[in-house]
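For reference, the structure discussed in these notes is given below.
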Amino acid sequence: MSRRKTRPRTSPAPAVTAASPCPCGLDAAYGACCGRFHSGTGGAAPTAELLMRSRYSAFVVRDEAYLLRTWAPGTRPGEVEFDPGTRWAGLEIEGTTEGTAFHSHGTVTFTARYVHGGEAGSLHERSRFARHEGAWVYVDGDFLD
């Protein structure tokens, strides 16, 4: 009997529908908020903050294509690996610099809460964004704390 190598299974993404509250924390349904950017029906996120929020939501729903599409070419990985033991539990935007229609760069400082293996945790980061071909993209970030 031969054995096939298989890719490790990941647990399915959380059930988020167009009518669900948006994971990014804004007071809107996912379909009218981050979901429109994920599907492409809403164009590109108009600010660095909205891109940050939509990328957080993409981690929640495990939308690898969106994450790669909104990552700066110079820092983009070949793939995004989702940890099946991590459940994202909330996003708090703590501050932004620049990152509007009038800027070419911006930063967003945030805390993303998660649960991993039953333990609560958080990721505190200051992310850098830039415009690439007219659209905001994630460049990189510094972990804080």
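Details
- Counting only DSSP H runs of at least 4 residues, each contributing -39500 (n - 2.57), and dividing by the residue count of the chain, the helix-based mean residue ellipticity at 222 nm comes to -5000 deg cm²/dmol.
- Shown is the FRET efficiency for His105 and Ala29, computed with R0 = 41 Å from the Cβ-Cβ distance and rounded to the nearest 0.05: 0.85.
- Surface exposure of the chain, expressed per residue as accessible area with a 1.4 Å probe, stands at 60 Å².
- The chain - Rg (one decimal) and Dmax (whole number), Cα, Å: 15.9, 63
- Largest-first principal axis extents of the Cα set of segment 49-118 (Å): 42, 28, 16
The values are calculated or read from the model by the stated rules, or taken from the named source; none is laboratory data. Every value quoted in this text rests on a predicted model; they were computed, and no experiment measured them. FYI the Cβ positions are ideal-geometry reconstructions off the backbone, even for glycines, and counts take in every protein chain you see. Quick note on the areas: whole protein, heavy atoms, side chains included, nothing else; ligands and nucleic acids left out. Shrake-Rupley method; radii C 1.70, N 1.55, O 1.52, S 1.80 Å.
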